[in-house]
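Please read the structure below before turning to the comments.
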Amino acid sequence: MNIQIQDLTNSMISLPAGTITLRDDRIKRIWTVDVAPFQLAKYPVTQTLYFAVTNTSPSTFKGNNKPVESISWFDAIEFCNLLSQQSGFDEVYEINDSEVALNINANGFRLPSDAEWEYACRAGEKEVRYGEINDIAWYKENSDDATQEVGLKQPNAWGIYDMLGNVWEWCWDIYDKEVYGSYRVFRGGGWSDKERGCLASNRRRSHPTYQIDDLGLRLARSQ
């Protein structure tokens, strides 16, 4: 296991079981999800870690400790499987062309679910932000039109950094199959978003091949 992967393993935070109430204003729906204990990375995946695992450097805004971006959902799950292999864990995803199956009981790295992401972002709080936006997030007003190094803003109550702003983060979930087909959810807001885009309750979606310079990932593991 190389040092970047070892550092990641040491920075996974164990989160307790709980419940989260989600809402989607587009479809006027509110629902509650039980969340099992899981681990979430303290930081978004950095370019250093992504390169160590894949030997590729797709990001538009270069910087070893900046979040990796310009990666598709397929890139993200392939990265998770590669990291699991290199760490001696079981792969979570079975990939067959464009079809992907999830083994939630595997001990490898994966994307958080939509519910896990918001549960972790809120960290037991009811507010849609875990602090004053300039203290916790890189967004349109303070980002200098680029990503910034991870971990420079204040974390939430569970010690997790950059949940809002800097880059959006891919989640596992299909958004609305009947309307959007295979579109997947991403969360958190990015460096180019206005303040209203950086909310724990805000979600967007796109095709799993979509790539843009404010969209990356954060790793999870089941416990």
task: Only residues that are at negative phi and free of Cβ contacts under 8 Å to residues at least 60 places away in the same chain: list them for the range 93-110, please.
output: TYR93, GLU94, ILE95, ASN96, GLU99, VAL100, ALA101, ASN103
message: Given the criteria within 18 Å of the chain's Cα centre (by Cα), open to solvent by 40 Å² or more (accessible area, probe 1.4 Å) and at pLDDT 95 or above, does PHE79 qualify?
response: no
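With in contact with a helix residue (DSSP H, G or I) (Cβ under 7 Å, 6 or more places away or on another chain), open to solvent by 30 Å² or more (accessible area, probe 1.4 Å) and of a type in the set (Ser, Thr, Tyr) as the only criterion, which of TYR130, TYR175 stands out?
The match here is TYR130.
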- line: Just one listed residue, out of ALA146, ALA101, is farther than 22 Å from GLU195 by Cα and either open to solvent by 10 Å² or more (accessible area, probe 1.4 Å) or among the aliphatic types (A, V, I, L, M) (or both), and it is ALA101
field: Every pair of residues 6+ apart whose Cβ atoms lie under 7 Å, when the first sits in the range 23-46 and is under 21 Å from SER11 (Cβ atoms) and open to solvent by less than 50 Å² (accessible area, probe 1.4 Å) while the second is among the hydroxyl-bearing types (Ser, Thr, Tyr) and modelled with pLDDT of 95 or more
entry: VAL35/THR19; VAL35/TYR119; PHE38/SER222; GLN39/SER14
- prompt: Being acidic (Asp, Glu), in contact with a helix residue (DSSP H, G or I) (Cβ under 9 Å, 6 or more places away or on another chain) and without any contact (Cβ under 8 Å) to a residue 60 or more places away in the chain, is that true of even one residue in the range 74-88?
  reply: yes
query: So which of ALA36, ALA52 ends up being more than 17 Å from the chain's Cα centre (by Cα), within 21 Å of GLU116 (Cα to Cα) and of a type in the set (A, V, I, L, M, F, W, C)?
result: ALA36
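The values are calculated or read from the model by the stated rules, or taken from the named source; none is laboratory data. Bear in mind that the values here come from a model prediction, so they are computed numbers and not experimental data. Cβ sites come from the backbone with ideal geometry, for glycine too, and all protein chains shown count toward neighbours. Surface areas here come from the heavy atoms of the whole protein model, side chains and all, with no ligands, DNA or RNA. Shrake-Rupley method; radii C 1.70, N 1.55, O 1.52, S 1.80 Å.
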